[in-house]
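J.: Questions regarding the structure given below will be posed in turn.
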Amino acid sequence: MTPEILYEDNHCLVVNKPAGMLSQGDETGEPSLVTWTADYWRERYNKPGNVYVGLIHRLDQPTSGAVLLARTSKAAGRLAEQFRKGEIVKIYWAIVEGSMDEPEGEWVDYLEKDRDANRVRVVTDEGEGKVARASWKVLRIGPAVTKLELRPSTGRSHQLRVQLAGRGKPILGDRKYGASRMLRAEDGEYRIALHAHEISFTHPTRGEVISIVAPVPGDWPESSRAWSESPSD
């Protein structure tokens with residue numbers, strides 16, 4: 001389970017994280033993207049000892065796709081500020097159970113996280129939760145499943161998973177939020193049909209916009225025979 005390097009320079013790194021890998025280490029001690037990146041930079045640049053790794057954002061463990069990291073604290077600070085201001089654009093692909101009533105739309109919800117259970121729920125009172133916004137459109141339709149493009153403008157924990165599940169459209173494989181069956185990643189671990197397909201950001205020193213596309217991995221379920229032969233209109 002090795003991340004694919006999509007972009008690298010002296011300030012930034014974008015990798016395609018495989019499903020099943022943690023973004024950052026936790027109490028389980030499982031390998032994470034941060035530890036993998038530190039080892040990679042240590043070996044590539046012959047840097048003994050501690051290596052700085054700035055994790056700018058995270059993907060859930062069962063999610064694959066583009067993750068942006070920084071090689072210096074200066075770059076990390078500038079990129080983190082772009083995230084806070086909503087200037088970094090993230091595009092996700094998801095395959096969900098069921099069909100959509102419209103071809104596209106936008107959702108605004110208020111989410112509350114139960115940290116002990118590591119679950120998020122939609123709340124009706126905005127005073128109880130944090131606002132979560134995302135636009136969406138249908139990309140493809142298959143029997144009993146739909147492929148969506150999702151563009152969140154906020155970065156709440158489990159946001160897309162909860163917003164979809166709350167509308168009766170759980171992401172394929174996401175048993176935590178109501179999916180009817182599980183999916184397996186390439187290493188046999190649990191994954192969901194959510195992929196961070198593209199990320200666009202302003203380079204922290206050069207000022208140019210960088211857009212990176214992350215190819216879907218081999219365990220992405222869209223090639224299944226459950227799909228219709230042609231994309232939706």
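The values are calculated or read from the model by the stated rules, or taken from the named source; none is laboratory data. A quick note: this is a predicted structure, and the numbers were derived from the prediction, not measured. For neighbour counting, all protein chains shown are included, and Cβ atoms are generated from backbone atoms with ideal geometry for every residue, glycine included. Each accessible area value is taken on the protein alone, full model and side chains, heavy atoms only, with ligands, DNA and RNA left out. Shrake-Rupley method; radii C 1.70, N 1.55, O 1.52, S 1.80 Å.
J.: Which of (1) outside any strand (DSSP E or B); (2) open to solvent by less than 50 Å² (accessible area, probe 1.4 Å); (3) at pLDDT 95 or above is the odd one out, the single condition Ala19 does not satisfy?
T.: Condition (3) is where Ala19 drops out.
J.: Let me ask you something else. Go through segment 36-75 and give me each residue that's without any contact (Cβ under 8 Å) to a residue 60 or more places away in the chain, buried (at least 16 other Cβ atoms within 10 Å of the Cβ) and in a helix (DSSP H, G or I).
T.: If the condition is that a residue be without any contact (Cβ under 8 Å) to a residue 60 or more places away in the chain, buried (at least 16 other Cβ atoms within 10 Å of the Cβ) and in a helix (DSSP H, G or I), then Trp36, Thr37, Ala38, Tyr40, Trp41 are the ones that fit.
J.: Which pairs have Cβ atoms under 6 Å, sit 6 or more apart or on different chains, and link a residue in segment 109-137 that is touching a residue at least 60 places away in the same chain (Cβ under 8 Å) to one that is in a strand (DSSP E or B) and open to solvent by less than 80 Å² (accessible area, probe 1.4 Å)?
T.: From residues that are touching a residue at least 60 places away in the same chain (Cβ under 8 Å), there are no pairs.
J.: Right, another one. Among (1) under 30 Å from Thr72 (Cα atoms); (2) of a type in the set (Val, Ile, Thr); (3) modelled with pLDDT of 95 or more, there is one condition Ile171 misses while meeting the rest; what is its number?
T.: It fails just one condition, (1).
J.: Ok, one more. Taking segment 141-152, which residues are at pLDDT below 95 and either assigned to a loop (DSSP other than H, G, I, E, B) or open to solvent by 30 Å² or more (accessible area, probe 1.4 Å) (or both)?
T.: Within segment 141-152, Ile141, Pro143, Ala144 qualify.
J.: For Glu81, work out the one condition from (1) outside any loop (DSSP other than H, G, I, E, B); (2) within 17 Å of the chain's Cα centre (by Cα); (3) surrounded by fewer than 19 Cβ atoms within 10 Å (Cβ to Cβ) it doesn't fulfil.
T.: (2)
J.: For segment 95-111, which residues satisfy the criterion of being in contact with a Gly (Cβ under 9 Å, 6 or more places away or on another chain) and aliphatic (A, V, I, L, M)?
T.: Of everything in segment 95-111, those that are in contact with a Gly (Cβ under 9 Å, 6 or more places away or on another chain) and aliphatic (A, V, I, L, M) turn out to be Ile95, Leu111.
J.: Out of the residues in segment 184-223 that are of a type in the set (Val, Ile, Thr) and either modelled with pLDDT of 95 or more or farther than 16 Å from Lys90 by Cβ (or both), which is farthest from the chain's Cα centre (by Cα)?
T.: Kept after step one, since they are of a type in the set (Val, Ile, Thr), are these residues of segment 184-223: 192, 199, 202, 205, 209-210, 212-213, 216.
Pick out the ones that are also either modelled with pLDDT of 95 or more or farther than 16 Å from Lys90 by Cβ (or both) and you get 192, 199, 202, 205, 209-210, 212-213.
Values: Ile192: 11, Ile199: 10, Thr202: 19, Thr205: 25, Val209: 20, Ile210: 18, Ile212: 14, Val213: 13 Å.
Among those residues, the one meeting the criterion is Thr205.
J.: Now for a separate question. Scan segment 22-35 for residues that are over 14 Å from Leu55 (Cα atoms) and either of a type in the set (Ser, Thr, Tyr) or open to solvent by less than 20 Å² (accessible area, probe 1.4 Å) (or both) and jot them down.
T.: Hit for segment 22-35 is Thr28, nothing else.
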